[in-house]
Amino acid sequence: MVWRCDLWKTEGCEGCIARHAVLVLPFFLGDASIARLIYLLVFIVLGISLIDAPLQSGGWRWDTGNVFGFVAFAGLLYLFIDVGRGARQKLHQHLSYGVFGVLLAHILWLWLSDKTLWFYMSWQGPHYMLAGWVAIVLLTAMVILALPATRRLWHINYTQFQRWHYWLSLAVIATSFWHMVGSGFYLSELEAVLYGLLILGVAVAHQRQWLSGTKLGVGSVLIPLSAFAFVVLKAVNA
């Protein structure tokens, strides 16, 4: 089995490095720990969605819209792990804007490309779509309240800000998870369980001080490339 190979060994593992090149490459580019963690989360989130029904597709428009959502979800998980202390605070802030932008792209892409979605995005839509609305509203509030100017107005001290930011982050991740798995079409029960375990793992890793560096690194270019490969894989086999 490919996954039994050690990515860092070449002896007795012919072709292993080549097969894992896309996964391994970010580890050698830029500020390694940040680039590798973001890419690894994107890789896991996209990979889980391909486990049970890898070729199940809603058409290239839906697959493109969904991959925006998957990448945004991976970004939320990263931001929850790395709280942006010290020198990485500015990077955390900028990445949060990027995640918010990808999430808006997820909404606008689907909303503009498929008018049948308009009903599902209304307040009369199914519960998992309402969960998506709650997630975007909470994330918008969290981004605004975390701005340096508004942070001082709404929070008595930094400890209070941390507490509110933590619980809002958990709520955004929980409602995003509900939105992703609630329909039961795009993801199976097994994949839903795996996403739940991934969230638990992220909760355990929260605020662990093992990351280094203050820059994203050029390895991040593989994130859109992986997303593109995901859409192509789905579209070709639809």
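Per-residue answers, yes or no, for (1) closer than 18 Å to VAL45 by Cα; (2) at pLDDT 90 or above; (3) not aromatic (Phe, Trp, Tyr):
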{"site": "LEU147", "(1), (2), (3)": "no, no, yes"}
{"site": "LEU153", "(1), (2), (3)": "no, no, yes"}
{"site": "ALA174", "(1), (2), (3)": "yes, yes, yes"}
{"site": "VAL231", "(1), (2), (3)": "yes, no, yes"}
{"site": "LYS234", "(1), (2), (3)": "yes, no, yes"}
{"site": "ASN237", "(1), (2), (3)": "no, no, yes"}
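Within the range 64-109, take every residue that is aliphatic (A, V, I, L, M) and in contact with an Asp or Glu (Cβ under 9 Å, 6 or more places away or on another chain) and give me the one that is surrounded by the fewest Cβ atoms within 10 Å (Cβ to Cβ). Here the answer is LEU91. Consider VAL181 carefully, then state whether it is surrounded by fewer than 16 Cβ atoms within 10 Å (Cβ to Cβ), free of Cβ contacts under 8 Å to residues at least 60 places away in the same chain and either assigned by TED's automatic domain parsing to the domain that holds ILE44 or of a type in the set (Lys, Arg) (or both). Against the criterion (surrounded by fewer than 16 Cβ atoms within 10 Å (Cβ to Cβ), free of Cβ contacts under 8 Å to residues at least 60 places away in the same chain and either assigned by TED's automatic domain parsing to the domain that holds ILE44 or of a type in the set (Lys, Arg) (or both)), VAL181 does not qualify.
For the range 97-153, give me each residue that is part of a helix (DSSP H, G or I) and acidic (Asp, Glu). Hits for the range 97-153: nothing passes.
Check the range 61-76 and report whether any residue there is of a type in the set (D, E, K, R) and farther than 15 Å from ALA227 by Cβ. There is no residue in the range 61-76 that is of a type in the set (D, E, K, R) and farther than 15 Å from ALA227 by Cβ.
Criterion applied to LEU147, LEU168, LEU190, LEU139 was being in the same structural domain as GLY98 (by TED's automatic domain parsing) and free of Cβ contacts under 8 Å to residues at least 24 places away in the same chain, and the one residue passing it is LEU147. List every residue pair whose Cβ atoms sit under 7 Å apart, with the two residues 6 or more apart in sequence or on different chains, where the first one lies in the range 29-56 and is buried (at least 16 other Cβ atoms within 10 Å of the Cβ) and part of a helix (DSSP H, G or I) and the second, anywhere, is modelled with pLDDT of 85 or more and of a type in the set (Asp, Glu). Within 7 Å, the pairs are ILE48/GLU191; SER49/GLU191.
Once the range 110-138 is narrowed to residues that are modelled with pLDDT of 90 or more and either more than 15 Å from HIS179 (Cβ to Cβ) or of a type in the set (Val, Ile, Thr) (or both), the residue that is surrounded by the fewest Cβ atoms within 10 Å (Cβ to Cβ) is VAL137.
The values are calculated or read from the model by the stated rules, or taken from the named source; none is laboratory data. In this text the structure is predicted, and so the values were computed from the model without any measurement. Note that each Cβ is placed from the backbone with ideal geometry, even for glycine, and that neighbours are counted across all protein chains shown.
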